[in-house]
Every structure is written in structure tokens, then in C-alpha cells.
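Beneath this line is the structure, given in C-alpha cells, with notes to follow.
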Amino acid sequence: MRPTVLCFSGLDPSGGAGLQADIESVGAAKAHAAIACTALTVQNSQTVFDFTPVSDDLLIRQAMTVINDLPVRAIKSGMLGTVGNIYAIAALFADKIITADTPYVLDPVLVANSGGSLGDPATLVQAFGKLLPHATLITPNTHEIRALSGRQNLHDAAKSLNAQGVQAVLLKTSHEYHTGDIEQFLYINEQIAHTSVVPRLAGEFHGSGCSLASYIAGRLAMGDELITAINAADTWIHRTLCHADKPHQSPTAQQIPNRFFQSPTDCEKCGKL
């Protein structure tokens, strides 16, 4: 069967982010997505209203049924919601239930794009210290990388996380500036190992970060090297956002990535990347 990515993520009823984004993105990368659900949320495409996390015991029982059944070749985590859930996943690595050679993409979700709460950021940041050293790649936004590192300069923040044991940090600048192209920097061993430039698109998008991280995890499960997976993900996410669904006409409303879009060769927008 296809290689499996075990995704730890929450349920988003709108389908824009969370476990549905993981399933669609991993599938687009040609791998199979299995899910250990971390929380049930009350949210739409624009706002998070509430969430209820699952217990760490239930989370690990879900994960173990997958690990003992399917060919798990990569791990991805998004919204974890509680300190207990973070520690429980860290224990899977510490106890070697998930082996050190299994690629792990960690999207350290602290708040939703809409600003809605997905757990207490301060306590989550402290707990992530147990999980970060097990990550092959982390994909924080600018708010998250500053919170996790305690550094304000983004490049110093990425280097600091490398020094804490994170193998690779994908520094994304999309939230830092509102004009110009989006620059991304891959830090390994406190050095820039790869840079990329992605054309900036108008508007806001619900679930773009989930989608990018999950697609990378899918490509790693399929055997890609890290930089190859990131380059493929940049091209793919740009196309999904070019053709995103617009549930509301307001220019400030969040759009939903069209993760099933297959780009025609004559698409001018998609051809820019």
C-alpha cells in the first residue's frame, strides 16, 4: 500500500484546516493519511469559537492502532491543544515506538489564523520543548517562531531552535510583510541551507499552513529528500491558493485552499511558480 503519514490534528468542521487539510494534502502528495484526532473544535472558515481536546490516553490509543496496522513512514502534527497531548507524543519518540529515522514534520500551532484560541500559548510553548528535538522539520509562522525561541529577530530565532536540537526550521515570512514576494529560509545547523521565493497572493487563507506542512510530510513519506519535498510543496500550495474557494466576497474574508486543483498547463497564475 501507499506509505502512510500519521497526522496528529484537530477536527475543523469547515474543512479548511485541521485533519481534513491533512488528509487532502497528504493524498495530493500521493501518500495515505491516517489521523489521530487531538481535539474537536467549533469553528467556521473565518473564526474559532471553542474547542474540546481529547485526553492524552485516547490520543495515544488512536495512534497505536495505526502504528500497529499501517506502514507509517512519516509523522505530522498540527494543533495539539494541551500539554498532556504534547508530552504523550514526545513519549512515543522517547520510548522509540516511533523510531528516530521516521521523518516528523511539526507545525507548532499556537493560535488559528483568525486569532482564535487553540490552547493556552504560554503553556504550549513550554511543553513544546519536549517535542521539538524529535522534529525533522518545524514549520512555524513568524508569531510561533518568536514564541518558541524567545527571539525577536526571525533569523536569530531559527538559529536558536536549531541550537535547541531541531534538525531543520522552515522560516516563513508571509505573516511578517504584506507586500512583495514571500521569502522562505530553511535553517539546518544554524545555517541557511535553502531559500525560496513564493509569489504573494491577495487575501487570507484558512488552512494554508496545515496544508504546506502535510504535503511536505507526504513527500517525505514517499522518499523525497527534505529540500526536494519543500520545493514540491511550494509549487503545489501556490496552485491551491491561486484557485482557492471564496465562501465570502469580502476582501478580508479567509479563503479555503483548493487542494484538489489540478493546474492546466495554460494557467497564467499557476505558471508564476
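The values are calculated or read from the model by the stated rules, or taken from the named source; none is laboratory data. Owing to the predicted nature of the structure, the values given are computational and were not obtained by experimental measurement. We place every Cβ from the backbone using ideal geometry, glycine too, and count neighbours over all the protein chains shown. Just so you know, the surface numbers come from the protein's heavy atoms only, side chains and all, with ligands and any DNA or RNA stripped out. Shrake-Rupley method; radii C 1.70, N 1.55, O 1.52, S 1.80 Å.
Taking the stretch 30-51, which residues are hydroxyl-bearing (Ser, Thr, Tyr) and part of a strand (DSSP E or B)?
If the condition is that a residue be hydroxyl-bearing (Ser, Thr, Tyr) and part of a strand (DSSP E or B), then 38, 41 are the ones that fit.
Out of 214, 149, 160, 208, which single residue is in contact with a Cys (Cβ under 8 Å, 6 or more places away or on another chain), of a type in the set (Ser, Thr, Tyr) and closer than 22 Å to residue 77 by Cβ?
214
Only residues in the stretch 214-231 that are under 16 Å from residue 102 (Cβ atoms) count as the first member; pair them with residues that are open to solvent by 60 Å² or more (accessible area, probe 1.4 Å) and part of a loop (DSSP other than H, G, I, E, B), Cβ under 6 angstrom, at least 6 apart or cross-chain, and list the lot.
222/30
Are any of the residues in the stretch 209-231 modelled with pLDDT under 95 and either open to solvent by less than 40 Å² (accessible area, probe 1.4 Å) or hydroxyl-bearing (Ser, Thr, Tyr) (or both)?
yes
Can you name the condition, by its number, that residue 19 falls short on among (1) assigned to a strand (DSSP E or B); (2) touching a Leu at 6+ places or on another chain (Cβ under 7 Å)?
Among (1) assigned to a strand (DSSP E or B); (2) touching a Leu at 6+ places or on another chain (Cβ under 7 Å), residue 19 violates only (1).
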